[in-house]
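Everything below concerns the one structure shown next.
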Amino acid sequence: MFVSTRRTFLGAAAAGLAARYALAQSPKIASSPLGENLYLLEGAGANIVACTGADGVVMVDGGLAQNAAALAQAVAALPKGGPVRTLFNTHWHPEQTGSNLTLGQAGAAIIAQENTRLWLEQNITWPWNHQTFKKLPKIAQPNKTFYDKGALDSGIRYGYVPDAAHTDGDLYVYFPEQNVLAVGGVAYGKGWPEVDWWTGGWIGGIVGGLQRIQSVANKDTKIVPADGPLLTLADITAQAAMYSTIYDRLTQMLNKGHSPSEGVAAKPAKEFEDKMGNPDVFIRRSFESLWAYLSPDA
């Protein structure tokens, strides 16, 4: 009797610990309304936009792979929520493509710019930190790609950002009924952006991408970046001016033969540091990004 009771107690205790561990590991995904049937979800690895309706959910970006199940549950729990029928990848990074496998297996349409699909079908290793990203299986790769722009039957519009602000496969998704524009890594809501020059992004593209956003948005548009709080057209205009100043300074240093380390030491973003934080990594990678676009033989 004692042995049986002890085993029962230990089994219950183990189950309780496992449940608490699983709960601790599960991400907390918060949702907030952006407009009628449109929601922002945070906590899955990137800002996610979900548009609900009778024909299924349209989702912009899919978070990290380890958060895909929790994100699917959060989306299904939204008003008029349900299965995701259409997924947009704003670019190839893991924070955007973590739901591709499960949604691809479920038969969802995965829309991306063609360059994003090309990156996802090969292994990638960043040279600055040697981080490696394995190619996605065929079922998880975008199955509907485009080169310029397009629209869904619901009126949702999407377009390519050829300036290469973050990667060379950036796209935006515009929800005209709610006047919400999801721009992925083309804009950041907090801190300095990541300049992925290995897959095409560059400092000049940041400037160009922000200027392109200004041509799509209006003063009342809610702009959803890949990370951080919502932005306004005024925020985008201010960011474009700041990055244009930094771009001009780095270009001048490059043309004078300076190195990335010298570029960092020159403090070309000094007046923006109080608001944006330490810019050293951003400046170094921005300087390196100029080699491909302004010094292709370097």
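Given +1 at the Cβ of Lys and Arg, -1 at the Cβ of Asp and Glu and no other charges, the dipole of the chain around its Cα centre is 960 debye to the nearest 20. In deg cm²/dmol and to the nearest 500, what is the mean residue ellipticity at 222 nm of the chain if only DSSP H runs of at least 4 residues count, each as -39500 (n - 2.57), divided by the residue total? Mean residue ellipticity at 222 nm (helix-derived): -11500 deg cm²/dmol.
Annotation: Cα Rg of the chain relative to the compact-globule expectation 2.2 N^0.38 Å equals 1.12. Note that the range 139-247 carries a Kirkwood radius of 14.1 Å, evaluated over its alpha carbons pair by pair. Once the 1.4 Å probe is applied to the protein heavy atoms, the chain comes out at 49 Å² accessible per residue. Where the alpha-carbon atoms of the range 103-171 are placed on the principal axes, they occupy 42, 32, 13 Å, in descending order. Ordering Ala109, Gly150, Thr251 by the projection of their Cα atoms onto the charge dipole of the chain, which places +1 on the Cβ of Lys and Arg and -1 on the Cβ of Asp and Glu, puts Ala109 at the extreme positive end. Once both labels are positioned 7 Å from their Cα atoms along Cα-to-Cβ, the gap between Gln211 and Lys144 label points is 3.2 nm. How far, in degrees from 0 to 90, does helix 233-255 lean away from the longest principal axis of the Cα atoms of the chain, to the nearest 10? Orientation of helix 233-255: about 50 degrees from the principal axis. By definition, a body whose alpha carbon gyration tensor gives a ≥ b ≥ c is oblate when a/c is 1.5 or more and a/b is not larger than b/c, and the range 59-211 fits this oblate description. As a fraction of the 1.4 Å probe accessible area of the chain, surface on carbon and sulfur atoms comes out at 54 percent. Taking label positions 7 Å along the Cα-Cβ direction at both His258 and Lys275, the computed distance is 2.2 nm, reported to one decimal. Karplus-derived 3J(HN,Hα) values for the range 202-215, using 6.51 cos²θ - 1.76 cosθ + 1.60 with θ = phi - 60°, are 7, 4, x, x, 4, 4, x, x, 5, 5, 5, 4, 4, 7 Hz; glycine and proline are entered as x.
Does anyone have the angle between helix 2-25 and the longest principal axis of the chain? Alpha-carbon axes, 0 to 90°, nearest 10? For 2-25 against the chain, the angle is about 20 degrees. Each peptide in 110-116, 215-221, 228-234 gets a packing score, the mean of other Cβ atoms within 10 Å over its residues, and the list from highest to lowest is 110-116, 228-234, 215-221. Expressed in Å, the radius of gyration and Dmax of the Cα atoms of the range 179-298 are 14.3, 45. Could you tell me which of the pairs Lys134/Lys267; Lys80/Lys149; Lys138/Lys222; Lys149/Lys190 are separated by over 30 angstrom between their Cα atoms in the structure shown? Distance filter (> 30 Å) returns Lys134/Lys267; Lys138/Lys222.
For a straight C-alpha distance cut-off of 23 angstrom, the lysines reachable from Lys135 (same-chain residues fewer than eight places away being disregarded) are Lys144.
Angle of helix 280-294 to the longest C-alpha principal axis of the chain, folded into 0 to 90 degrees and rounded to 10: 60°. The simple Förster model, with R0 at 30 Å and r as the Cβ-Cβ distance, assigns Gln131 and Glu36 a FRET efficiency of 0.15.
The values are calculated or read from the model by the stated rules, or taken from the named source; none is laboratory data. This is a predicted model, so every value here is computed, not measured. No Cβ is skipped: glycine too gets one built from the backbone with ideal geometry, and neighbour counts run over all protein chains shown. What goes into the accessible areas is simple: the full protein's heavy atoms, side chains included, and nothing from ligands, DNA or RNA. Shrake-Rupley method; radii C 1.70, N 1.55, O 1.52, S 1.80 Å.
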